[in-house]
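Reading through the structure tokens given below for one structure.
What follows is calculated from the coordinates using simple rules that are stated; it is not laboratory data. Since the model is a prediction, treat every value here as computed from it, not as a measurement. Glycine also receives a Cβ, built like all others from the backbone with ideal geometry; neighbour counts cover every protein chain displayed.
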Amino acid sequence: MKHARTTVTGLAAVALLGAVAAYSAFPDGPGGPADGIPAGGSVALDADVPAVRGLDPDLLAALRTAAADARQQGIELRVTSGRRSPAEQQRLLDAAVTRYGSLDLARRYVNTPEKSTHVSGRAADIGPTDADDWLNRHGARYGLCQVYANEMWHFELLTAPGGTCPPQLPDAAG
Ligand SMILES: [Zn+2]
């Protein structure tokens with residue numbers, strides 16, 4: 001290694017260990033480096049990260065148009081989760097099984113990689129709460145619909161702009 005002989009100062013070593021620890025906590029799952037969204041955080045709809053880049057172009061265009069209108073009213077639409085790899089989706093499902101105690105219960109909140117519209121790039125989770133509220137009221141103008149009654153943040157392109165959203169499903173297991 002080029003820097004093998006370089007003396008590492010104590011301070012640099014501590015900083016390096018800290019960075020490794022932070023990275024290890026979120027190896028590459030949703031909210032981690034793989035999708036480009038900070039853990040527990042969000043990114044703007046023009047962020048150049050896999051979670052946004054991987055969204056269906058029509059969905060992304062609708063979200064961006066909605067975001068521009070929402071901004072006029074002081075509401076910022078941000079992406080908390082977008083396109084996910086199958087591995088990321090499986091990790092979410094596994095975590096939900098651990099949390100809720102069974103696959104049946106977990107499936108109310110997290111889909112399988114095969115069924116998830118996040119994996120196919122046709123779904124985006126939007127935040128914060130005031131943005132969800134705005135999009136729930138105005139989303140149909142852009143074709144954007146809340147899909148599941150128990151997920152006010154999850155939106156898909158399910159109608160034509162100005163159309164009517166289909167009835168919500170109770171949850172992702174429906
Ligand atoms: Zn979602």
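Between rounded, prolate and oblate, where does the stretch 28-157 land on the alpha carbon gyration tensor, with a ≥ b ≥ c its root eigenvalues, rounded for a/c under 1.5, else prolate if a/b exceeds b/c? Here the stretch 28-157 falls in the prolate category. Here the Karplus curve 6.51 cos²θ - 1.76 cosθ + 1.60, taken at θ = phi - 60°, turns the phi angles of the stretch 152-161 into couplings of 5, 9, 9, 10, 9, 8, 10, 8, 6, x Hz, with x standing for Gly and Pro. Here the residues LEU59, LEU103, LEU158, ranked from fewest to most Cβ neighbours within 10 Å of their Cβ, fall in the order LEU103, LEU158, LEU59.
Annotation note: GluC sites (Glu not before Pro) in the stretch 91-174 located in DSSP loop regions with a Cβ neighbour count of at most 16 within 10 Å are GLU114.
For HIS138, HIS118, the sequence from fewest to most other C-beta atoms within 10 Å is HIS138, HIS118.
Fully extending the segment from ASN150 to ALA61 would add 29.5 nm, taking 0.36 nm per residue of separation and subtracting the current Cα-Cα distance.
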